[in-house]
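K.L.:
Sharing a structure below in structure tokens format, with a few things to ask.
The values are calculated or read from the model by the stated rules, or taken from the named source; none is laboratory data. Keep in mind that this is a model prediction, so the values were computed, not measured. We place every Cβ from the backbone using ideal geometry, glycine too, and count neighbours over all the protein chains shown.
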Amino acid sequence: MSTFGKGIRHVVASAWRRTQPKVVRLPTGNSVKIFEQKPPAWARWALALVAVDIMVSTSAVDIVWNTWGTPAPPSDDDPRPTNPENGDEVVPPKMVLRPAWQRASTGVLFFISGFAVAGFVLAARSRLVNSLTYVRGPRPQIFLQTPNHHPNYGLQFALKDCSLIPGNSEQMVLDTRTQGRWVLNVRGAILNGRPGPMEKERARSKLISTWKSIQGSTTPFTRRKTVS
């Protein structure tokens, strides 16, 4: 779940704020795949994770509403407690449901939390790049695929609108200007049809040089100044 780090978190809001661009078919001919990466396990199993999350959340709501109680105040009609050391039966205290507002508010909290987690997983998955294909022509294009897309289908952007910017130590971020940002996991990615480096710094450097080879723009890396 390392991809839920700094590089993935700052693009999730973009996935919700912006309208998803139209899905198109990959143009045939005169194109080259410059980046390819296998989705991490959490992205491949995202739908199953969401299903389990919703099941757990709804079960928690049901349990809270129907069974969350507190011991009832003692009354004269209650059976007298007995001593288990003498072989007598122990009578458990009576339970009464908590006030409806407590059960409802707690249930709503479980419900909202569960759906927030599901939304986060799906939003992060929709912004994770499986592959980038460079489409040559008078107006060069970038064809992008995520785990949400079927083979040969994805999103297309003008190369001039795309910029590669730093993410965290193992990620780069593709900024498409008008349609938000997408995350690229660089370690072990296939670049121009060849396996890339596993070492994260070399992998980022190789991806940047591959991107620049198609005249793609980049945002310079900046180093924080240290105070002596």
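K.L.:
Quick check on the stretch 180-201: of everything there that is assigned to a strand (DSSP E or B) and without any contact (Cβ under 8 Å) to a residue 40 or more places away in the chain, which residue is surrounded by the most Cβ atoms within 10 Å (Cβ to Cβ)? Quick ask: steps written out before the conclusion?
P.N.:
Here is the first cut: in the stretch 180-201, the residues assigned to a strand (DSSP E or B) are 181-185, 190-191, 194-195.
Subset that is without any contact (Cβ under 8 Å) to a residue 40 or more places away in the chain: 194-195.
Values: 194: 8, 195: 10.
Out of the qualifying residues, it is 195.
K.L.:
Which residues, counting only those in the stretch 35-59, are in a loop (DSSP other than H, G, I, E, B) and buried (at least 16 other Cβ atoms within 10 Å of the Cβ)? Quick ask: steps written out before the conclusion?
P.N.:
First pass over the stretch 35-59, keeping only residues in a loop (DSSP other than H, G, I, E, B): 37-40, 45.
Hits for the stretch 35-59 are 37, 39, 40.
K.L.:
Okay, next question. For the structure I just gave you, tell me whether residue 216 is out of contact with any strand residue (DSSP E or B) (no Cβ under 8 Å at 6 or more places or on another chain) and farther than 20 Å from residue 38 by Cα.
P.N.:
So residue 216 does not fit the description; no.
K.L.:
Here is a follow-up. Does residue 131 qualify as being surrounded by 13 or more Cβ atoms within 10 Å (Cβ to Cβ), modelled with pLDDT under 90 and of a type outside the set (Phe, Trp, Tyr)?
P.N.:
On the way: surrounded by 13 or more Cβ atoms within 10 Å (Cβ to Cβ): yes; modelled with pLDDT under 90: no; of a type outside the set (Phe, Trp, Tyr): yes.
So residue 131 does not fit the description; no.
K.L.:
Is the stretch 159-175 home to any residue that is touching a Cys at 6+ places or on another chain (Cβ under 7 Å) and either free of Cβ contacts under 8 Å to residues at least 40 places away in the same chain or among the hydrophobic types (A, V, I, L, M, F, W, C) (or both)?
P.N.:
Yes - at least one qualifying residue is present in the stretch 159-175.
K.L.:
Determine which single condition residue 28 fails, assuming it passes every other condition in (1) assigned by TED's automatic domain parsing to the domain that holds residue 171; (2) out of contact with any Leu (no Cβ under 7 Å at 6 or more places or on another chain); (3) crowded, with 18+ Cβ neighbours inside 10 Å.
P.N.:
Failed condition: (3).
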